[in-house]
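Enquirer: Structure provided below as structure tokens; questions to follow.
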Amino acid sequence: MARFRRLDVLKTMIASGLVPVFYHEDTNTARKVAKAVAEGGVHVLEFTNRGDSAFQVFCDLIRWCEKEIPGLILGVGSVVEPQTAALYINSGANFVGGPVFNEEIARLCNRRKIAYCPGCGSASEISRAEEYGVEICKVFPGAEVGGPPFVKS
């Protein structure tokens with residue numbers, strides 16, 4: 001299983017300026033999305049952990065990407081507890097995202113040298129995430145916490 005270094009994952013996220021996020025229950029559709037993202041010049045993709053078949057599709061997708069699109073960094077999103085994070089990390093996820101900051105997930109990701117990108121909705125929450133080693137967080141939910149003016153401030 002190919003693993004990208006945490007620093008390379010973070011640099012790629014910053015360089016691309018965006019992280020496409022998607023879920024589809026069909027593996028072939030997921031492959032097409034991954035291929036389109038890579039062909040569009042983006043080298044990082046977040047597969048959302050939702051739906052009954054999410055984990056199986058992710059496992060199939062990451063194995064396929066390693067062979068067909070080896071430069072694509074695939075991670076998992078919408079992770080809210082450490083057990084799910086560990087499951088996906090053990091299956092090859094190169095980063096973990098979530099809608100909220102979770103200290104246990106942050107510790108797990110730091111221990112495993114995996115980038116963790118949680119959603120944070122306040123300056124205090126962002127600061128706390130940074131204390132746990134988070135380098136990139138997403139302002140979430142964006143509009144509800146002030147959107148671009150919040151980030152600018």
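Enquirer: Tell me the per residue accessible area of the chain using a 1.4 Å probe; a whole number in Å² is fine. Please list the in-between numbers first.
Expert: Working: 8080 Å² over 153 residues.
Each residue of the chain exposes 53 Å² on average to a 1.4 Å probe.
Enquirer: Can you give me the Kirkwood hydrodynamic radius for region 76-147, using every pair of distinct Cα atoms, in Å to one decimal? Write out the running numbers ahead of the final one.
Expert: Values: mean 1/r = 0.0842 Å⁻¹.
Across region 76-147, the inverse of the average 1/r is 11.9 Å.
Enquirer: Same structure, new question: Convert each backbone phi in region 72-89 into a coupling constant with the Karplus relation 6.51 cos²θ - 1.76 cosθ + 1.60 (shift: θ = phi - 60°), then list the ³J(HN,Hα) values in order as whole Hz, x for Gly and Pro.
Expert: 7, 8, 10, x, 10, x, 6, 9, 10, 9, x, 5, 5, 4, 4, 4, 5, 4
Enquirer: Work out from phi, with θ = phi - 60° and the Karplus expression 6.51 cos²θ - 1.76 cosθ + 1.60, the ³J(HN,Hα) of each residue of region 16-21, listed in order in whole Hz, and give x for Gly and Pro.
Expert: Once θ is set to phi - 60°, the couplings for region 16-21 become 6, x, 7, 10, x, 10 Hz.
Enquirer: Between Val139 and residues 5 or more places away or on another chain, which pairs have amide H atoms under 5 Å apart, with H built 1.01 Å from N, and which residues are they?
Expert: Correct list: Cys120.
Enquirer: At a 1.4 Å probe, what is the % contribution of carbon and sulfur to the accessible area of the chain? Intermediate results must be reported in sequence, preceding the final value.
Expert: Values: 4240 of 8080 Å².
Roughly 52 percent of what the probe reaches on the chain is carbon or sulfur.
Enquirer: How large is ³J(HN,Hα), in whole Hz, for each residue of region 122-132 in order, when computed from phi with the Karplus curve 6.51 cos²θ - 1.76 cosθ + 1.60 and θ = phi - 60°, using x for Gly and Pro?
Expert: With coefficients 6.51, -1.76 and 1.60, one gets 7, 4, 5, 5, 4, 4, 5, 4, 4, 4, 9 Hz.
Enquirer: Hey, another quick one. Quick one: angle between helix 27-39 and the longest Cα principal axis of the chain, in degrees between 0 and 90, rounded to 10, please.
Expert: So the inclination is approximately 70 degrees.
Enquirer: With just the Cα atoms defining each centre, how far is region 27-57 from region 2-16? Give it in Å.
Expert: 17
Enquirer: Find the relative contact order for region 1-129 and round it to a whole percent, using C-alpha pairs within less than 8 Å whose residues are 6+ positions apart.
Expert: Details: 198 pairs, mean separation 30.5, N = 129.
Relative contact order here is 24 percent.
Enquirer: Right, another one. Which residues' amide hydrogens lie under 5 Å from the amide hydrogen of Gly77, considering only partners 5 or more residues apart or on another chain, with H built in the peptide plane?
Expert: Phe47, Thr48, Asn49, Gly97
Enquirer: Can you tell me the orientation of helix 103-112 relative to the chain, as the angle in degrees between its alpha-carbon axis and the longest Cα principal axis, to the nearest 10?
Expert: Helix 103-112 sits at roughly 50 degrees to that axis.
Enquirer: Shifting gears a bit: Can you tell me what share of the DSSP beta bridges in the chain is antiparallel? A percent to the nearest 5 is fine. Mind dumping the intermediate values first?
Expert: Values: 0 of 14 bridges.
Around 0 percent of the beta bridges assigned by DSSP in the chain are antiparallel ones.
Enquirer: So which of Lys35/Lys138; Lys32/Lys152; Lys67/Lys113; Lys11/Lys152 end up more than 27 Å apart, counting from Cα to Cα?
Expert: On the way: Lys35/Lys138 25 Å; Lys32/Lys152 36 Å; Lys67/Lys113 23 Å; Lys11/Lys152 22 Å.
In this structure, Lys32/Lys152 lie more than 27 Å apart at Cα.
Enquirer: Continuing with the same structure: Using only Cα atoms and rounding to the nearest 10 degrees, what angle (0 to 90) does helix 54-68 make with the longest principal axis of the chain?
Expert: Approximately 70 degrees, to the nearest ten.
Enquirer: From the P(r) of the chain, can you give the percent of Cα pairs sitting at distances over 26 Å?
Expert: Values: 2463 of 11628 pairs.
Counting pairs separated by more than 26 Å, the tail of P(r) holds 21 percent.
Enquirer: Subtract the Cα-Cα distance of Ala36 and Ser124 from 0.36 nm times their separation in residues, and report this length gain in nm to one decimal. All intermediate terms of the calculation are to be shown ahead of the outcome.
Expert: Values: separation 88, 0.36 × 88 = 31.68 nm, distance 3.72 nm.
So the chain would gain 28.0 nm between Ala36 and Ser124.
The values are calculated or read from the model by the stated rules, or taken from the named source; none is laboratory data. This one's a predicted model, so the numbers in the text were calculated from it and none came from an experiment. Areas reflect the complete protein model, heavy atoms only, side chains present, ligands, DNA and RNA absent. Shrake-Rupley method; radii C 1.70, N 1.55, O 1.52, S 1.80 Å.
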